[in-house]
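Engineer: Handing you this structure, nothing more for now.
The values are calculated or read from the model by the stated rules, or taken from the named source; none is laboratory data. Since the structure is predicted, the reported quantities are computational estimates derived from the model, not experimental observations. Cβ placement follows ideal geometry from the backbone for every residue including glycine, while neighbour counts extend to all protein chains displayed.
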Amino acid sequence: MIINPEMAKSLCQMSFELNRQIGILVHRSGKVENVIVGTHSQIIIPSLGNVRASGGRLRGLRLIHTHLAGEDISDDDLMDLLFLRLDILSVIKVAEDGLPDKMYSTHLLPGGNAGKNWAFLAPVHPANQKESVEELITSIEGELSAGRQTSFVDRKGDRAILVSVTTESKIRAEDSLAELAELARSDNVTVLETVLQRRSQVNPRLILGKGKLADIMIRALQLDANLLIFNQELNPSQIRSITDFTDLRVIDRTQLILDIFASRAMSREGKLQVEMAQLKYMLPRLSSRDDALSRLTGGIGARGPGETKLEIDRRRINDRLTRLAKELQQVSMERYRRRAKRRKKELPVLSLVGYTNAGKSTLLNTLTNSNIIAEDKLFATLDPTSRRLRFPTDLEVIITDTVGFIDNLPADLLQAFMATLEELLEADLLIHVVDVSSPSYRQKMAVVERLLKELDLGDLPRMTLFNKIDLLDLETRHQVLQNIGSEGFAISAIDAETLRGFLYHAEQAIGRVLDDTSRPQVEP
């Protein structure tokens with residue numbers, strides 16, 4: 001890929017006459033893909049579409065552009081090289097007579113060197129080029145391929161780098177990032193690497209600095225990543241900015257949770273709730289930056305300016321949200337009627353609550369000899385499930401499994417699932433299931449307590465089960481037992497023998513609740 005000296009000369013002469021930088025994007029085949037006319041001090045590279053954009057490989061394009069004031073390769077040039085995955089970026093300095101001076105070139109450095117992600121070639125006059133850079137490009141792509149950790153089969157799915165930029169303490173930040181990795185695993189995303197950056201202040205545009213973003217981009221090239229997942233909720237402009245810079249798909253924690261819910265919802269009400277939450281998330285993120293969204297509609301009955309495509313999309317979403325709200329209200333009424341029938345039979349209700357993946361479904365299976373799906377994944381259960389449970393004294397109750405809670409649960413998602421969580425309003429006793437094998441189980445307990453208060457369920461009678469005690473070694477188990485004291489019961493949901501004490505006290509608690517004739521009735 002040697003630059004034709006005559007082409008370089010013509011490029012410099014036109015740039016000199018126009019007093020503007022001029023650039024060309026040249027394909028490896030030698031075909032000129034784009035000609036770019038900029039200002040005196042810069043060029044703006046247009047969207048490259050899908051030109052050779054294929055994960056860990058370079059794009060297959062070389063950028064050559066002029067500098068009129070004798071400037072060296074700039075930081076903006078280096079960012080273009082990195083974020084557009086260019087093969088080579090070359091700058092030709094224009095001499096005072098309008099002829100080409102020396103050409104300066106830079107390329108990516110896959111392995112990095114002293115924190116630098118690029119290397120510079122020796123300057124050369126366009127007429128004195130001797131060697132092609134094709135071998136260099138092949139070598140760079142070979143190094144990028146060598147660093148990949150995914151198999152051919154894995155490349156068919158999403159391959160993500162997880163990013164967290166936070167002002168929290170290191171321990172809280174690491175726990176939150178580990179939870180994001182579990183969320184990704186639950187959504188069948190291959191996690192290639194995690195990046196944690198603690199800052200005193202978060203960059204309002206890109207979340208993190210350009211330098212750190214450049215490092216992440218190099219790792220994405222090396223690992224063949226096609227997705228960035230941010231642990232913080234991103235606003236529309238942040239997603240747009242990061243996507244423009246990295247040329248990768250970008251989602252945040254909320255989108256990931258919504259995607260998990262969308263794939264797991266099985267019942268009609270669950271699907272309605274997920275769709276409502278997704279539309280509420282999407283509505284403020286509709287953007288008019290795409291030309292296709294800013295075109296005006298026309299035709300008979302739509303004279304004058306009419307509605308933009310963007311306005312139509314918003315109106316349709318709002319109309320759909322209105323219909324979903326009516327359908328969910330109907331679902332809520334149906335649930336109320338079912339609960340009323342249970343009340344007529346005077347069956348007490350126990351509801352299992354807790355952080356996601358605390359073991360609620362497994363506990364329900366053990367108590368009722370059921371076969372409900374219980375996986376070691378976050379949000380394995382979305383739709384509420386009820387079973388009958390008979391105590392040793394023949395007291396019969398309804399025990400209900402509900403969707404798990406999580407820290408930073410999207411407000412729209414919590415609101416959408418109110419139809420499901422209304423089951424908890426009828427509970428005579430809440431059973432708070434805690435995964436005591438998690439080092440941060442106290443923080444997770446606090447999250448559940450806070451959400452219960454937000455749902456006006458903080459005053460309901462409650463028992464606490466510290467589950468997964470079987471996963472702790474003897475020393476840790478002893479420490480945990482001392483820590484929880486008489487606060488609750490240490491159990492293993494897969495071992496019925498450990499549930500005896502809980503069942504005895506739960507039965508007594510239900511008896512006390514049933515003797516309380518002043519309990520208020522819940523209205524629909």
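Engineer: Only one of these is in the same structural domain as Val433 (by TED's automatic domain parsing) and closer than 29 Å to Pro410 by Cβ: Leu471, Leu465, Leu481. Name it.
Structural biologist: It is Leu465.
Engineer: Only residues that are exposed (fewer than 15 other Cβ atoms within 10 Å of the Cβ) and either modelled with pLDDT of 95 or more or closer than 26 Å to Ala225 by Cβ (or both): list them for region 40-50, please.
Structural biologist: Hits for region 40-50 are Pro46, Ser47, Gly49, Asn50.
Engineer: Consider region 179-215. How many of its residues are part of a loop (DSSP other than H, G, I, E, B) and either free of Cβ contacts under 8 Å to residues at least 12 places away in the same chain or at negative phi (or both)?
Structural biologist: Of the residues in that region, 11 qualify.
Engineer: May I pose another question? When you scan region 455-514, how many residues do you find that are small (Gly, Ala, Ser) and part of a helix (DSSP H, G or I)?
Structural biologist: Step one: filter region 455-514 for residues small (Gly, Ala, Ser), giving 458, 485-486, 488, 490, 492-493, 496, 501, 506, 509, 511.
Applying the additional criterion that residues be part of a helix (DSSP H, G or I) yields 496, 501, 506, 509, 511.
Residues flagged as small (Gly, Ala, Ser) and part of a helix (DSSP H, G or I) within region 455-514 amount to 5.
Engineer: Something else about it: Would you confirm whether any residue within region 163-178 is in contact with an Asp or Glu (Cβ under 6 Å, 6 or more places away or on another chain), charged (D, E, K, R) and in a loop (DSSP other than H, G, I, E, B)?
Structural biologist: No - not one qualifying residue is present in region 163-178.
Engineer: Further question on the same structure: Name the residues in region 1-32 that are basic (Lys, Arg) and surrounded by fewer than 14 Cβ atoms within 10 Å (Cβ to Cβ), would you?
Structural biologist: Of everything in region 1-32, just one residue is basic (Lys, Arg) and surrounded by fewer than 14 Cβ atoms within 10 Å (Cβ to Cβ), namely Lys31.
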